[in-house]
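One structure below.
The values are calculated or read from the model by the stated rules, or taken from the named source; none is laboratory data. Keep in mind the model is a prediction, meaning the values are calculated, not measured. Please note: Cβ atoms are built from the backbone with ideal geometry, for glycine as well, and neighbour counts cover all protein chains shown.
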Amino acid sequence: MQRKFEIDDGFIADQNKALEKWIHEDYEHLGKALLRRQIDIEDLVAKAQSFRVAIPSWGLGTGGTRFARFPGAGEPRDVYEKLEDCATLNRLVRSTPGVSLHIPWDQPEDVNELLSFARHRDLFFEAMNSNTFQDQPAQQHSYKFGSLAHSDPAVRLQAIDHNLECIELGQKLGSKAHTVWIGDGGNFPGQQHFRKTLENYLESMRTIYQALPNDWRIFIEHKFYEPAFYSTVINDWGTSYYCARELGPKAACLVDLGHHAPNVNIEMIVGRLIQFGKLGGFHFNDSKYGDDDLDAGSIKPFQLFLIFNELVDAEQSNVPGFDPAYMLDQSHNVTDPIESLSMSAIEVTRAYIQAQLVDRVALAELQDNCDALLALSTVKQAFITDVSPILAVARQRSGGALDPIATYRASGYRAAKAEERPTKIEATVGIV
Ligand SMILES: [Mn+2]
């Protein structure tokens, strides 16, 4: 086999040399400033080094909108090339070794081959994702009018079977979670009976739940519209919570930041789900209007920080069973996906580290004393602290790049892939 172009550790180390002096100077200064706040910068570097966010296999190609898709040169054409790009991304940022597969888009011909391909690149498989929102060639029943909640039991059964296949494949790949997002819903008032469709969904999910291995979790992802424009079956976190509770302890809610109406207080939803023991995980992305799937932290960085403020608060107070799965879920239309995912992984880590800076003892006292202004400023102080040197040093100590995007561009990776991967017919990518 022809040798494929890779960014190696030596190249990253060479690129780091040019930046090292300045970043370490900034790091030293930040260390002194944080010490005045009784914070040890080394603890934060360790936290940044241990932070992980999973990569969606479908995020490595150009997503496209309802209008068009403008594919870039050198995009991955199959699951192996997607994993190649995941490995490159992880080599740069060192926080993304987990990959979330989407079935059937990533259905391997040989499971063991895929597994060893991933292992050789220090990657592993995170949550599986089923797809019952589009029809596949030779599929018996159509999902045009729904899947797990469809009025026809035969369609529901087909959708259940697909989910069971995903779990079976996931077991072979070492995954421990399954995410179910469905496109079921209605475009018009009267089209669907709200209670009946939810009952159908629950009945289907009970069958899937029963097949779930004991050490697995199943994530329910809510979304208030799209592809259905009037009503969806799992429309909000309340319905998601109800279903997770009905199903049992292995079921939990997954929060996709783009799946809420504008101005909804997502950090509060996160706080509620933590309190109720049903926060399963996240699909991080950002949005201005709808399910835009823009890069995490690009539109509302303060919201991302406030979400992590809840997560870190739960982490520090040892909430029982608190173990959310973090994943990016983005659609890249005008950027190189590897660059967008690098920046997004960094932005999510940034929010996590900034949230560590909140003086929680002082905040609790201010809350008790009803001091609204100083409570806000305590939270804001953490948000406005530039923790970039911490993130850069953490990456470097783990073998990654001080400036992942500059290093990636200097490597000529995409141009090399454009040579190796001549465009073939439309690669399967999409938005969940
Ligand atoms: Mn999602």
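Is it true that some residue in the stretch 294-313 is polar (S, T, N, Q) and within 30 Å of Arg69 (Cβ to Cβ)?
Looking for residues that are polar (S, T, N, Q) and within 30 Å of Arg69 (Cβ to Cβ), one finds at least one in the stretch 294-313, hence yes.
Please enumerate the residues belonging to the stretch 287-340 that are in contact with a strand residue (DSSP E or B) (Cβ under 7 Å, 6 or more places away or on another chain), of a type in the set (D, E, K, R) and within 30 Å of Glu6 (Cα to Cα).
Selection gives Asp295, Asp329.
Does Ala261 fit the bill of being hydrophobic (A, V, I, L, M, F, W, C), closer than 19 Å to Ala159 by Cβ and surrounded by fewer than 16 Cβ atoms within 10 Å (Cβ to Cβ)?
Criteria not met by Ala261.
Given (1) over 23 Å from Lys288 (Cα atoms); (2) crowded, with 22+ Cβ neighbours inside 10 Å; (3) of a type outside the set (Val, Ile, Thr), where does Leu254 come up short, assuming only one miss?
Of the numbered conditions (1) over 23 Å from Lys288 (Cα atoms); (2) crowded, with 22+ Cβ neighbours inside 10 Å; (3) of a type outside the set (Val, Ile, Thr), the odd one out for Leu254 is (1).
Residue pairs, Cβ under 9 Å, 6 or more apart or interchain, first in the stretch 270-285 and closer than 11 Å to Ile220 by Cα and free of Cβ contacts under 8 Å to residues at least 12 places away in the same chain, second within 16 Å of the ligand (Cβ to nearest atom) and part of a helix (DSSP H, G or I). List them.
Partner pairs satisfying both residue conditions: none exist.
If I filter the stretch 195-210 for residues that are closer than 28 Å to Glu168 by Cβ, more than 15 Å from the ligand (Cβ to nearest atom) and not in a helix (DSSP H, G or I), do I get at least one hit?
Within the stretch 195-210 (the criterion being closer than 28 Å to Glu168 by Cβ, more than 15 Å from the ligand (Cβ to nearest atom) and not in a helix (DSSP H, G or I)), the answer is no, since none of the residues qualifies.
Restricting the search to the stretch 68-109, which residues are among the aromatic types (Phe, Trp, Tyr) and either touching a Gly at 6+ places or on another chain (Cβ under 7 Å) or under 20 Å from Asp135 (Cα atoms) (or both)?
Trp105 - this is the single residue of the stretch 68-109 that is among the aromatic types (Phe, Trp, Tyr) and either touching a Gly at 6+ places or on another chain (Cβ under 7 Å) or under 20 Å from Asp135 (Cα atoms) (or both).
Six or more apart or on different chains, Cβ atoms under 6 Å: show the pairs whose first residue is in the stretch 178-193 and outside any strand (DSSP E or B) and whose second is among the small types (Gly, Ala, Ser) and surrounded by 24 or more Cβ atoms within 10 Å (Cβ to Cβ).
Between residues of the stretch 178-193 that are outside any strand (DSSP E or B) and residues that are among the small types (Gly, Ala, Ser) and surrounded by 24 or more Cβ atoms within 10 Å (Cβ to Cβ), the close pairs are Ile182/Ser147; Asp184/Gly146; Asp184/Ser147; Asp184/Ala149.
Are any of the residues in the stretch 51-63 surrounded by 12 or more Cβ atoms within 10 Å (Cβ to Cβ) and touching a Cys at 6+ places or on another chain (Cβ under 6 Å)?
Checked the stretch 51-63: at least one residue is surrounded by 12 or more Cβ atoms within 10 Å (Cβ to Cβ) and touching a Cys at 6+ places or on another chain (Cβ under 6 Å).
Quick check: is even one residue across the stretch 380-387 of a type in the set (D, E, K, R) and either at pLDDT below 95 or over 22 Å from the mean Cα position of the chain (by Cα) (or both)?
Yes.
Tell me which of these Ala252 doesn't satisfy, since it passes every other one: (1) more than 16 Å from the ligand (Cβ to nearest atom); (2) more than 30 Å from Thr65 (Cβ to Cβ).
(1)
Of all residues in the stretch 219-241, count the ones that are away from the ligand (no atom under 15 Å from the Cβ) and within 15 Å of Val180 (Cα to Cα).
Residues that pass the stated criteria total 3.
Here is a list: Gln192, Gln275, Gln210. Which entry is at pLDDT 95 or above, surrounded by 14 or more Cβ atoms within 10 Å (Cβ to Cβ) and more than 19 Å from the chain's Cα centre (by Cα)?
Going through Gln192, Gln275, Gln210 in turn, just one is at pLDDT 95 or above, surrounded by 14 or more Cβ atoms within 10 Å (Cβ to Cβ) and more than 19 Å from the chain's Cα centre (by Cα): Gln192.
If you check Val361, Val348, which single one turns out to be under 24 Å from Phe302 (Cβ atoms) and touching a strand residue (DSSP E or B) at 6+ places or on another chain (Cβ under 8 Å)?
Val348
Could you check the stretch 144-184 and list, in sequence order, the residues that are surrounded by fewer than 24 Cβ atoms within 10 Å (Cβ to Cβ), hydrophobic (A, V, I, L, M, F, W, C) and touching a Phe, Trp or Tyr at 6+ places or on another chain (Cβ under 6 Å)?
Correct list: Leu173 only.
Here is a yes/no grid of residues against (1) in a loop (DSSP other than H, G, I, E, B); (2) at pLDDT 95 or above; (3) within 25 Å of Asp292 (Cβ to Cβ); (4) among the β-branched types (Val, Ile, Thr):
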| site | (1), (2), (3), (4) |
| --- | --- |
| Ala33 | no, yes, no, no |
| Arg37 | yes, yes, no, no |
| Asp43 | no, yes, no, no |
| Lys47 | no, yes, no, no |
| Arg69 | yes, no, yes, no |
| Arg77 | yes, yes, no, no |
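What residue, among those in the stretch 338-368 that are among the acidic types (Asp, Glu) and touching a residue at least 40 places away in the same chain (Cβ under 8 Å), is surrounded by the most Cβ atoms within 10 Å (Cβ to Cβ)?
Glu347
Looking at Thr335, Thr378, can you tell me which residue is more than 30 Å from Trp22 (Cβ to Cβ) and in contact (Cβ under 8 Å) with a residue 12 or more places away in the chain?
Being more than 30 Å from Trp22 (Cβ to Cβ) and in contact (Cβ under 8 Å) with a residue 12 or more places away in the chain holds for just one of Thr335, Thr378, which is Thr378.
For the structure I just gave you, tell me whether His141 is surrounded by 24 or more Cβ atoms within 10 Å (Cβ to Cβ), farther than 23 Å from His283 by Cα and more than 16 Å from the ligand (Cβ to nearest atom).
In short, no.
Any residue that is under 29 Å from Leu114 (Cβ atoms) and part of a strand (DSSP E or B) - is there at least one of those in the stretch 243-252?
yes
Which ones in the stretch 274-306 are aliphatic (A, V, I, L, M), within 16 Å of the ligand (Cβ to nearest atom) and either in a helix (DSSP H, G or I) or within 20 Å of Asp323 (Cα to Cα) (or both)?
Once the filter is applied, which keeps residues that are aliphatic (A, V, I, L, M), within 16 Å of the ligand (Cβ to nearest atom) and either in a helix (DSSP H, G or I) or within 20 Å of Asp323 (Cα to Cα) (or both), the stretch 274-306 yields Leu279, Leu304.
Return the residue satisfying two criteria in turn: it lies in the stretch 326-337 and is outside any strand (DSSP E or B) and surrounded by fewer than 24 Cβ atoms within 10 Å (Cβ to Cβ), and of such residues it is farthest from the chain's Cα centre (by Cα).
Ranking the candidates gives Val334 first.
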